[in-house]
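Notes follow the structure.
The values are calculated or read from the model by the stated rules, or taken from the named source; none is laboratory data. Predicted model only: the values in this text are computed from it and were never measured. Neighbour counts run over all protein chains shown; Cβ positions are idealised from the backbone, glycine included.
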Amino acid sequence: MKLSKIITVLSLYFVFTNSTASERSKIINKLNSTNNIQFDFSQQTNKKIETGKCILVFPSKLKCNYENKNQKEVIINKKMMAITQKRYGKTLFYPLSKSSFLNILSKNELINIINESNIVIDEYLNIIFVGKDNSKTLIRFDKKDFLLAGWISSDQYNNKIIFNIKITSVNQIIDEKIFTLPNRS
């Protein structure tokens, strides 16, 4: 009877381990074949929900247009992030090194995180990333197509940010000029 339980437990362990290894491999293969994605998003910070559209080009280029009255736009171009509120003509600049975006926007960094982290499976394939400053980011991948599905992180004020994405296209021709940062005034 004891031997039977041990064999059952070991079998389940190996099935689960092989399953997550297979999922990890599928995510990495999908990332390796992806140069860019376009997606709709929903961002929840505390109780505030914002929506919009983004274009992500690997490595480290992102442009998001928020569907709000302030006409918020975020542009990330390798090392800098610019957040513009077109309604007010105001732009703030931040070094990308201060953001958890850095690890998500770099395909190589993301693959390293996937290789080094555990996968937790629920409605998504979740990768838990712990940064150098002990900040935690949960990176989500879709279980069907293995594409990026969003992330959960905290900002510098410890606000929980849930960023859900719905990919609308993959590997389209993108004009790199859209990632030009606004001039600093």
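Odds and ends about this structure:
Condition check ((1) touching a helix residue (DSSP H, G or I) at 6+ places or on another chain (Cβ under 9 Å); (2) at pLDDT 95 or above; (3) of a type in the set (S, T, N, Q)) across all residues:
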| residue | (1), (2), (3) |
| --- | --- |
| K5 | no, no, no |
| L10 | no, no, no |
| V15 | no, no, no |
| R24 | yes, no, no |
| F39 | no, yes, no |
| I55 | yes, yes, no |
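- Within region 53-62, one or more residues are under 13 Å from T180 (Cα atoms) and among the charged types (D, E, K, R).
- In region 104-118, residue modelled with the lowest pLDDT [restricted to those that are surrounded by fewer than 18 Cβ atoms within 10 Å (Cβ to Cβ) and in contact with a strand residue (DSSP E or B) (Cβ under 7 Å, 6 or more places away or on another chain)]: N118
- Verdict on I167 being surrounded by 15 or more Cβ atoms within 10 Å (Cβ to Cβ), under 22 Å from K61 (Cα atoms) and touching a Ser or Thr at 6+ places or on another chain (Cβ under 8 Å): no
- The residue that is nearest to the chain's Cα centre (by Cα), counting only those in region 155-185 that are of a type in the set (D, E, K, R) and either modelled with pLDDT of 95 or more or more than 28 Å from L138 (Cα to Cα) (or both), is K166.
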